[in-house]
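What follows is a set of notes on a single structure, which appears directly below.
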Amino acid sequence: MKKNKRIIFATMAALSLAAPMTAVFNFDNVQTVSANHQGTKVWLQYGTLKYALKGPSGRVYPAGTKVVRELSNDNIPPTSLPSEPFYLTLEIGGIPGNQLLQDVGGGQIAEAYVNYEGWHEIDYPSDNVVLVNNTTDYTDLKSSDFHPVDSNNPDVPVANTDKLDDAFAEYTNRLYHWEHMSIADNKWGDTINQRYSAAHGMGVTQETVDALTKEINDAVANYKKTGHLVSGNSGSDNNSNSGSSNSSNGNSGSTSGNTPNSSGSSTSSKSKSRVVRLRKASYRYTRKGKRVSKKLLKKGSYVKINGKTYRIKGKKYYRIAKNRYIRKVNVAK
């Protein structure tokens, strides 16, 4: 058994549940470690394939193949969660609270393909435990592109998101002065992360993905020409935005460089709001350094920050919304 574990781990080392390929765990569709549980409990839901599925490697997984999915909610999750995949192979265990970094799995199976049972809660194991082990084929482990062998059985669409990912990377690699942009621009910026994440969900059509790709590309092109993402020009509603945008967009993190009542002291005089990527899972804090959320912002998530560096109790933070901060150390450089 130990030999099998080593084989699985070596094969799936790049397939951590925190990796971008498990898109359902990114951004707002975040799979979190419960603050109450302190990571000592996890929910598991087992199921079996309704009918035979073929993976991108060409391998067939017969009806009845056992699969599983994992969550760390405080309370029992809903029995049906169409956006959450089951896994053909999943290994958990290690330091409590670090599930997102150390649990590894692959072969994402849509809920529609599974006869599933109810959730049950277990103590998070301190040693590695293989819950299911149906494949070590890397092609299948990194994929969600599984389809019925019998074409008479219902099929779940699988979209290619490569162009969408390229478009989103182009968008996030730019600096945006949100406090000088229009209300429409700020509203668009507040929702795009969630919509990008949702486009990676199970069962999303290629048409939906392509439409969002075009929308992002058009927004970036418009920004290059006009300085706005979705607004026609700077004379529209931009002048009236500086006072109202911050109050109407609580999650935007758009503030001016001299905003009063900001946390402690700042180490820069100008605010250059931008979208950044989290290199580590991150809690949110108040200006007094108090943790305010039970849920972690997921590693790999993109968030919009104020751009200034704040010191709270000797530690450096970025502001992401009114009286909401994240640790600077958790942000990718």
Worksheet item: What distance in nm separates the simple spin-label points at Lys316 and Asp127, each placed 7 Å from Cα in the Cβ direction?
Response: 4.2 nm
Response to the item:
For Leu175 and Arg277, extending 7 Å from Cα along the Cα-Cβ vector and measuring point to point gives, in nm, a value of 1.9 nm
Item to complete: Arrange the peptides 278-284, 149-155, 203-209 so that the one whose residues have, on average, the most other Cβ atoms within 10 Å appears first.
Response: 278-284, 203-209, 149-155
Worksheet item: Taking neighbour counts of Cβ atoms within 10 Å as a proxy for exposure, in what order, fewest first, do Leu296, Leu71 appear?
Response: Leu71, Leu296
Worksheet item: How about segment 107-168: which GluC sites (Glu not before Pro) there lie in a loop by DSSP and see at most 12 other Cβ atoms within 10 Å?
Response: Glu117
Worksheet item: Pairs Lys187/Lys224; Lys41/Lys315; Lys163/Lys224; Lys163/Lys322; Lys224/Lys322; Lys142/Lys328: which exceed 23 Å Cα-Cα?
Response: Lys41/Lys315; Lys163/Lys322; Lys224/Lys322; Lys142/Lys328
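All of the numbers you see were taken from the coordinates with simple rules; none came from a lab. Every value quoted in this text rests on a predicted model; they were computed, and no experiment measured them. Glycine gets a Cβ as well: all are built from the backbone with ideal geometry, and neighbour counts include every protein chain shown.
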